[in-house]
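Accompanying notes for the structure given below.
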């Protein structure tokens, strides 16, 4: 691999798709957050893995922003009729993936092996790798105490005020060895932190022991893309969470969060006023990714920024 991308769900998947369009598939490794993973209705659900996988396979639901296109909902309709929990919606096509993943996990296969096989069957070229095969679960502390991330994000629609974020199991987890090997490879040209929520998409990856040290020691520059444009998040609760955690929702605040990790930072033209306050080398670009061309253009911008940076 010559490029390693760290990704959460929708925003990260968009840039991952752009990178996959401008790089040979064998040159790109996408490491996905698994802190969002949880068990629901007895099934192992991996939201960020699936969002990246469906996006790269060209079958993502563009309307909903999650799940698969051309989805049907017979399972959920019937589940509601018989009194089951319907707050986390699983389409019929999506459900098949969760059933198969659960079966294989219970048979003793690793999450990374299952992900690789599913991606292969869906025609995904680049390798998609969970950050760890060990369980890490994101939880948030609210006025009601600690709650699981999906409870906060989906069931409660991000309404509770967040006072703290924690990654249960991270301290005992092992980063996937192929992830660490890619960071140690002298041929590596860039590490890209995709425009995902820093707190709940990127920091779970960074919380796994050894990851921060490996990023610090790798020969390639680390480039982050701001998930904030003009003080607002494109999608999701990033700006809301930043405010609640005592931070100004801005591209500069995210840069400070990553300060010890990054060599370069890509921000939108709307945030030119913050450039001088950001310590890392700044590259301006259009970070709003509405079209496929936008995704490809941002990927080229990021790779171009990495190309002019060197680590001592």
Taking residue 192, is it in contact (Cβ under 8 Å) with a residue 40 or more places away in the chain, within 28 Å of residue 113 (Cα to Cα), touching a helix residue (DSSP H, G or I) at 6+ places or on another chain (Cβ under 6 Å) and in a strand (DSSP E or B)? yes
So is residue 240 within 24 Å of residue 37 (Cβ to Cβ), touching a residue at least 12 places away in the same chain (Cβ under 8 Å), surrounded by fewer than 22 Cβ atoms within 10 Å (Cβ to Cβ) and out of contact with any helix residue (DSSP H, G or I) (no Cβ under 7 Å at 6 or more places or on another chain) or not? yes
I need the full set of residues from segment 208-220 which are part of a loop (DSSP other than H, G, I, E, B), crowded, with 20+ Cβ neighbours inside 10 Å and over 15 Å from the mean Cα position of the chain (by Cα), in order please. 218, 220
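Given 101, 89, which one is in contact with a helix residue (DSSP H, G or I) (Cβ under 6 Å, 6 or more places away or on another chain), closer than 17 Å to residue 36 by Cβ, without any contact (Cβ under 8 Å) to a residue 60 or more places away in the chain and part of a helix (DSSP H, G or I)? Steps first, answer last, please.
On the way: 89 fails: part of a helix (DSSP H, G or I).
The match here is 101.
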In segment 63-99, the residues that are modelled with pLDDT under 95 and over 22 Å from residue 8 (Cβ atoms): 70
Sole miss for residue 20 among (1) at pLDDT below 95; (2) buried (at least 18 other Cβ atoms within 10 Å of the Cβ); (3) more than 30 Å from residue 139 (Cβ to Cβ) is condition (1)
Taking residue 142 as meeting all but one of (1) at pLDDT 95 or above; (2) closer than 23 Å to residue 29 by Cβ, write down the number of the exception. (2)
Can you pull out every residue in segment 256-273 that is assigned to a loop (DSSP other than H, G, I, E, B) and either in contact with a strand residue (DSSP E or B) (Cβ under 8 Å, 6 or more places away or on another chain) or crowded, with 20+ Cβ neighbours inside 10 Å (or both)? 258, 261, 262, 263
Out of 200, 223, which single residue is part of a helix (DSSP H, G or I), touching a residue at least 24 places away in the same chain (Cβ under 8 Å) and touching a strand residue (DSSP E or B) at 6+ places or on another chain (Cβ under 6 Å)? 200
Scan segment 28-60 residue by residue and report those that are under 25 Å from residue 212 (Cα atoms), part of a loop (DSSP other than H, G, I, E, B) and over 10 Å from the mean Cα position of the chain (by Cα). 37, 46
So how many residues does segment 274-299 have that are more than 15 Å from residue 195 (Cα to Cα), in a loop (DSSP other than H, G, I, E, B) and in contact with a strand residue (DSSP E or B) (Cβ under 9 Å, 6 or more places away or on another chain)? 3
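Every residue, every condition in (1) surrounded by 12 or more Cβ atoms within 10 Å (Cβ to Cβ); (2) within 30 Å of residue 18 (Cα to Cα); (3) touching a residue at least 24 places away in the same chain (Cβ under 8 Å), yes or no:
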| position | (1), (2), (3) |
| --- | --- |
| 48 | yes, yes, yes |
| 57 | yes, yes, yes |
| 63 | no, yes, no |
| 77 | no, no, no |
| 83 | no, no, no |
Residue count, segment 136-177 (criterion: loosely packed, with under 15 Cβ neighbours inside 10 Å and in a helix (DSSP H, G or I)): 4
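The values are calculated or read from the model by the stated rules, or taken from the named source; none is laboratory data. Quantities reported herein were computed from a predicted structural model and do not represent experimental measurements. Using ideal geometry, Cβ is built from the backbone for each residue, glycine included, and neighbour counts are taken over all protein chains shown.
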